[in-house]
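Take a look at the structure below.
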Amino acid sequence: MRAFWRLGLPVGLLAGGFFFARNELAARTQGVDLLIVNGTVIDGTNTPGRIADVAVRGDRIVAIGNSLSRTGATRVIDATGKVVSPGFIDLHAHLEPLLELPLMESALRQGVTLALGGPDGGSPLPLAPYMDSVRTAKPGINVGYLVGHNDIRLSVLGMAARAPNAGELALMKRLVAEAMGQGAFGLSTGLLYLPGTYSNVDEVIALAQSASDSGGIYTSHLRKEGIGLLDGVGEALEIGRRAKIPVVLTHHKAVGQQMWGKSVLTLAMVDSARKAGTDVMIDQYPYTATHTNLGVLVPSWAMAGGDAEFRQRLAVPALKDSIVQGIIFNILNDRGGGDLARVQFSRVNWDKTLEGKTLKDWAARKNLAPTPANGAQLVLEAMLKGGANAIYHVLDEGDVRRIMASPFMMVASDGRLSQPGDGHPHPRAYGTFPRVLGEYVRTQKVLSLELAIHKMTQMPAKRLGLTDRGVLRNGAVADVVIFDANTVNDQATFAEPHQYPVGIETVIVNGMVSVDNGKPTGVRAGRVIRRPSTK
């Protein structure tokens with residue numbers, strides 16, 4: 001009592017306020033649907049965790065506090081010794097198989113409760129009918145979408161390697177604006193890919209301005225991530241500055257041994273741009289290998305006009321020689337990593353026996369020496385058979401750690417929805433978020449647990465303009481993960497990718513328990529999330 005008087009506050013008022021608050025809390029926690037008790041609550045804000053209970057009614061958190069009443073709770077989950085955090089938000093996800101895999105188990109079992117699709121310039125178009133079909137399919141987690149520059153360009157210009165005229169650019173801008181009006185979170189580009197690689201910076205700035213007008217963001221697979229990386233970063237920063245749009249350098253990395261260590265420079269460029277007023281951030285997956293189609297080894301000019309024109313060029317000896325030399329250059333200096341063993345097939349529809357094998361393995365099968373020249377011929381053979389997807393082991397662990405420690409980095413998988421037995425995917429599809437928590441928090445200590453969770457939750461939520469997700473607080477949406485910080489880890493490897501992680505014990509999506517004791521319940525409680533209207 002004396003302590004209260006030293007503060008100059010009447011005892012009666014304090015006592016009355018205390019009992020009022022306690023009674024109000026008791027009223028809010030009566031008859032809740034879920035009560036998570038005794039866990040270490042790490043709320044997503046990068047503040048220290050605390051032992052507390054979390055009460056959920058419907059799809060909302062209604063109370064967080066000590067020793068909440070269990071009276072009338074439909075279910076009590078004992079989280080003693082476990083971490084209770086917001087559900088993880090994946091800012092870069094390949095959701096194309098969603099309608100075939102609506103449970104989205106490869107994401108869900110990582111603790112992901114919201115994934116953003118439409119990255120790298122590729123998205124459904126038009127967006128609204130597709131989002132309606134996703135809603136009808138009842139996805140296992142929440143999903144949002146970006147609108148993709150490549151698909152917009154393809155719909156207007158096809159595979160033409162030229163700039164749009166005024167009318168074509170106006171149509172492209174209108175398509176961006178329409179998608180934004182349908183709830184897209186922003187514009188994505190894949191300037192390494194076809195046909196986006198044929199665009200110039202002014203075209204992209206015009207479309208980014210259209211997204212900016214609706215309060216959207218700009219995410220970019222850079223035009224170059226190996227030799228030319230600094231120019232690629234510079235282009236993205238220029239687009240952000242001139243279009244006045246928040247930027248995400250997506251799956252940021254430095255490809256190829258000649259570029260290892262250059263993240264020192266790219267991060268300095270990000271810092272400089274931020275100080276000059278450009279709102280730029282980064283996302284990253286925690287692996288030393290990339291994944292994309294085999295066509296990235298082929299010079300983009302060779303693919304202009306589509307497959308028919310590509311074949312015609314190969315029929316001209318001088319052009320074919322130039323194409324082969326371009327592939328050899330990329331094998332030596334870019335995604336090829338200078339070694340055919342660094343190119344590992346993930347999906348080969350015309351020969352499933354190659355999945356998981358390397359370009360070197362394929363050369364050996366054909367009794368060819370593993371030279372860049374032979375590798376180039378095999379790449380051409382694969383492209384003529386319909387192409388393939390591959391994992392490229394071309395990143396440096398030092399760059400991975402350095403980028404991860406950046407204050408502006410967020411965790412994102414770049415993973416494709418996967419199911420056991422289908423292809424040989426990059427292990428990020430199953431393990432991204434648990435790998436950060438296990439390898440880079442617990443083992444390497446690159447991040448604190450609180451900071452890692454912040455990079456998986458509140459930071460990406462803020463980038464998307466979502467104020468009621470990515471954080472545990474009263475009134476927030478009940479997207480929650482309960483995990484064991486001592487055991488959480490990825491199990492998927494480059495040799496055996498189809499393995500779910502360990503340590504993710506409970507996942508709650510919109511208030512519904514979707515993973516229980518480490519296993520999916522079959523509940524599909526996800527929703528289609530649209531960009532909040534801000535302008």
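The values are calculated or read from the model by the stated rules, or taken from the named source; none is laboratory data. Predicted model only: the values in this text are computed from it and were never measured. Here Cβ is always computed from backbone atoms with ideal geometry, including for glycine, and neighbour counts include all displayed protein chains. These accessible areas exclude ligands, DNA and RNA; they are computed on the full protein's heavy atoms, side chains included. Shrake-Rupley method; radii C 1.70, N 1.55, O 1.52, S 1.80 Å.
Worth pointing out:
- Three-way shape call for the chain based on the alpha-carbon gyration tensor, with the a/c threshold at 1.5: prolate
- Apolar share of the accessible surface for the chain: 53 percent from carbon plus sulfur atoms, 1.4 Å probe.
- Counting only alpha carbon atoms, the long axis of helix 263-275 and the longest principal axis of the chain meet at about 60°.
- Dipole size of segment 384-535 about its Cα centre, with +1 on Lys/Arg Cβ and -1 on Asp/Glu Cβ: approximately 740 debye, rounded to the nearest 20.
- This model, with +1 at the C-beta of Lys and Arg and -1 at the C-beta of Asp and Glu, gives segment 324-421 a dipole about its Cα centre of some 240 debye.
- Take the chain with all the other protein chains still there, run a 1.4 Å probe, and you get 38 Å² of accessible area per residue.
- When both bridge partners sit in segment 72-205, DSSP labels roughly 0% of those beta bridges antiparallel.
- Along the axis of the charge dipole computed for segment 384-504 (Cβ charges of +1 for Lys and Arg, -1 for Asp and Glu, origin at the Cα centre), the listed residues PRO434, VAL480, GLY465 are led at the positive end by GLY465.
- Net dipole in debye of the chain [+1 Lys, Arg Cβ; -1 Asp, Glu Cβ; about Cα centre; nearest 20]: 980
- Gain upon complete extension [GLN30, ASP307; 0.36 nm per residue less C-alpha separation]: 93.3 nm
- Taking the DSSP bridge list for the chain and keeping only pairs wholly inside it, about 50 percent are antiparallel.
- Pairs from LYS253/LYS357; LYS173/LYS224; LYS253/LYS385; LYS262/LYS320 whose Cα-Cα separation, in the structure shown, is over 27 Å: LYS253/LYS385; LYS262/LYS320
- What the phi angles of segment 314-327 give under the Karplus curve with 6.51, -1.76 and 1.60, with θ = phi - 60°, is a coupling list of 5, 7, 9, x, 5, 5, 4, 4, 5, 5, 4, 5, x, 5 Hz, glycine and proline written as x.
- Positive-end extreme of charge dipole, segment 186-312 - chosen from ILE205, GLY277, SER188 (charges on Cβ): GLY277
- Based on the reciprocal of the average 1/r between different C-alpha atoms, the Kirkwood radius for segment 156-281 equals 14.9 Å.
- Residue separation of LEU368 and GLU496 scaled by 0.36 nm, minus their Cα-Cα distance, works out to 43.4 nm of gained length.
- Under Karplus coefficients 6.51, -1.76 and 1.60, residue-wise ³J(HN,Hα) of segment 279-295 in Hz, glycine/proline x: 7, 10, 9, 9, 10, 7, 9, x, 9, 9, 9, 9, 8, 6, 6, 5, x
- Once the chain from GLU168 to ALA128 is taken as fully extended at 0.36 nm per residue, the excess over their C-alpha distance is 12.2 nm.
- Helix-only [θ]222 nm of the chain, DSSP H runs n ≥ 4, -39500 (n - 2.57) each, per residue, nearest 500: -10000 deg cm²/dmol
- Per-bin percent of Cα-Cα distances, segment 238-377 [10 Å]: 10, 29, 31, 20, 9, 1
- Computed from the Cα positions only, the extents of segment 417-535 along the three principal axes stand at 47, 33, 29 Å, in decreasing order.
- Along segment 219-224 the Karplus relation, 6.51 cos²θ - 1.76 cosθ + 1.60 evaluated at θ = phi - 60°, assigns HN-Hα couplings of 10, 9, 6, 4, 4, 9 Hz to successive residues, with x for each Gly and Pro.
- Between segment 223-279 and segment 366-436, the alpha-carbon center distance in angstrom: 21
- The chain: angle of helix 166-181 to the longest principal axis, Cα-based, in degrees nearest 10: 30
- Signed unit charges on C-beta, dipole axis of segment 35-136, positive-most listed residue GLY111, LEU125, HIS94: GLY111
- Here's how it looks for SER514: its modeled amide H is under 5 Å from those of VAL507, ILE508, VAL509, which are all 5 or more places away or on a different chain.
- Packing, taken as the mean count of other beta carbons within 10 Å per residue, orders the peptides 384-396, 151-163 from highest to lowest as 384-396, 151-163.
- Taking amide H atoms as placed 1.01 Å from N in the peptide plane, the amide H of ASP120 lies under 5 Å from those of THR189, HIS221, each 5 or more residues away in sequence or on another chain.
- Between the C-alpha center of segment 95-130 and that of segment 445-520 there is a gap of 17 Å.
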